[in-house]
Amino acid sequence: MTAVLLFGLPVLFALGVPIAFGLGLATTFALLFGGSVPLIVVPQRVFTSLDSFPIMAVLLFMLAGSIMDEGGMARRIISFAGALLGQFRASLAMIAVGATMLISGVSGSGTADTAAVGSVMIPAMMKRGYEPRFVTAIQAAAGALGPIIPPSIIMVVLGSVTNTSIGQLFIGGIIPGIIIGGFLMIVCYVHARRGGAAYEATETFSWSRVWTTFWQAIPGLGMAILILGGILTGVFTATESAVMGVVYGFVIGLWVYRELRLSQIPRMLVEAACRSAIILIIIGTAGLFGWLVANLQIPTVVARFLQDHSANWIVFMILVNALLLLLGMFMESIAVIIILMPILYPVAQSFGIDLLHFGVVVSVNLSIGLVTPPYGATLFVACSIAKMSIREVTPALLPSIFVMIIAQALITFIPPLTTWLPRLFIP
Amino acid sequence: MSHALGLLRRAIQLVIIAMFAVLIATVFYQVIGRYLFNAPPSWSEELARFLQVWIALLASALCIQQSMHLGVDYLLYAVPPRGRAALEVLVHLMVSGFLLLLLVQGIKILDVASVQTSPAMEINMWYAYLALPVGAALMLLESVLKLGESLRALRSPA
């Protein structure tokens, strides 16, 4: 039964079965071979996994992201980022990274951020003569910031699976997000040095332009402040802050910016529901898979293995990071969290690792998994906007992935980078 | 046939829109209720959770139609076109098999659910669990349609 469960999954994935159904199928096959458990657990576990209030933040943050995009906020934030960063070489790429960082403060999804910024910046960079592979790669990499800079769908799921504070995880992502954003801008700069005339700065810096664009972006940035502020002060839970963001965003889009029409809203609801359903179904079937994994006593075996083979917490963290980077290449991050975190959290605790630190490290690692081929959610989006194949873009991704792994090492071995800020706000 | 399908999909969309709107209103009311009226409603969270289960399963059917559920497609592109068509048939066949199981077991679970009452709203759990067989049936329908498409692709000489 264990063998069917664990070897069935990679085979199903390799054949091209969608992640959501592969998890369900592997569990079903294992149950059929095992024989003793009634199959009624299949719908029962799917229901239980979806019947969760914290998970609802997925649906609502997804909608907040599309309101941001269609309500005119994303465009104004991109202009503001342009005023700040237009003076540098490779300015358009830096703007893409900077705008993704700002927009990540509203949306919790890397794919939504990649779509919002990429649909504007990828064509702009191509038109200016930037190397298409680089353009696609840098936008895909910047998309990883979506679930690192709060809010974050990955952290919502992690917090709800492990019963730890989602708010603390969110705030723990701020410093890692800034580090990775900065590193990606360095990648842009280095790439531009041998790039030629196309990469020259787009405009000279002017305070008046910064001020005008900032003023216009305020209502949009206010959405980020409302969401983050509500969580920072403990006024809202993650799900509640998401709903406040949605309502605020509708008000700004409909009556302040007046770019949203009431007739657009039904379509936006359906689209957000569908984009969330992809994740929610994975949450449902991963919950089923994870339940059987736990039932087969696999966690005890894995935990003992990890404890026996890790001399200390540093070795354990290296093992975990390597394992998650590898899984992130082939698996949906949400599924990895649901299946592995109930196993890894107790082991981390036994090594005396701060669980908040561990949670942020895992979230950032799995966000990098959104970028790494062959299975990378933000990579899919960036490639489809740029009309390029993942195979073409892969070599251009290496510098970005390299700097993200350096950032990952920094936050893994310097715990205050992830724990200092959240403990300051939410003790 | 395709007309009926179009109507069905439109109906699914309308149900999703209505449920999502109620979900937003409910959670918003919960926050407002707690801070402005100092009286958090007891039923709001449960209602929102049940709506979420429904939305996830219904929207998932639309996702199958639009091929939005992602997987690793390296092998699909590595094999010759004919092998690719055969692989797609296999994938849709297996997904349909899982959904059929979810449908059958989802109907069975309704019996168990119908004797339970939800703690907050005190409604029959049948209404919440009904999302499973309904969602599974709609997903199965879309998946079988995809299976048909891939079978036609396999038979066609090109």
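The values are calculated or read from the model by the stated rules, or taken from the named source; none is laboratory data. Being a predicted model, the structure only gives us computed values, none of them experimental. Cβ atoms come from the backbone with ideal geometry, glycine included; neighbour counts cover every protein chain shown.
Side notes on the structure shown:
- Residue in region B:52-72 that is of a type outside the set (A, V, I, L, M) and under 21 Å from A:G8 (Cα atoms) present: yes
- Unique residue being at the interface with another protein chain (Cβ under 7 Å from one of its Cβ atoms), out of contact with any Pro (no Cβ under 7 Å at 6 or more places or on another chain) and without any contact (Cβ under 8 Å) to a residue 60 or more places away in the chain when the list is B:V15, B:V22, B:V31: B:V31
- Filter result for the condition that a residue is more than 9 Å from every other protein chain (Cβ to nearest Cβ), within 26 Å of A:A386 (Cβ to Cβ) and in a helix (DSSP H, G or I), over A:A26, A:A93: A:A93
- Taken over region B:55-109, the residue count meeting the criterion of being within 20 Å of A:F380 (Cβ to Cβ), aliphatic (A, V, I, L, M) and within 8 Å of another protein chain (Cβ to nearest Cβ) is 10.
- Counted residues, region B:41-71 - those being surrounded by 21 or more Cβ atoms within 10 Å (Cβ to Cβ) and either touching a Lys or Arg at 6+ places or on another chain (Cβ under 9 Å) or small (G, A, S) (or both): 10
- Qualifying residue in region A:129-143 (condition: among the acidic types (D, E), touching a residue at least 12 places away in the same chain (Cβ under 8 Å) and surrounded by fewer than 24 Cβ atoms within 10 Å (Cβ to Cβ)): yes
- Evaluated against (1) within 14 Å of chain B (Cβ to nearest Cβ); (2) not in a loop (DSSP other than H, G, I, E, B), A:S52 falls short on exactly one condition, (2).
- Inspection of region A:166-176 identifies at least one residue that is at pLDDT 95 or above and part of a loop (DSSP other than H, G, I, E, B).
- Take the conditions (1) touching a residue at least 60 places away in the same chain (Cβ under 8 Å); (2) in contact with a Ser or Thr (Cβ under 7 Å, 6 or more places away or on another chain); (3) over 13 Å from A:I180 (Cβ atoms); A:V360 misses just one of them, which is (3).
- Selection from region A:228-258 of residues that are assigned to a loop (DSSP other than H, G, I, E, B), surrounded by fewer than 16 Cβ atoms within 10 Å (Cβ to Cβ) and either modelled with pLDDT under 90 or of a type in the set (F, W, Y) (or both): A:T233, A:G234, A:V235
- Of the listed requirements (1) at pLDDT 95 or above; (2) farther than 30 Å from A:G22 by Cβ, A:F47 misses just one: (2).
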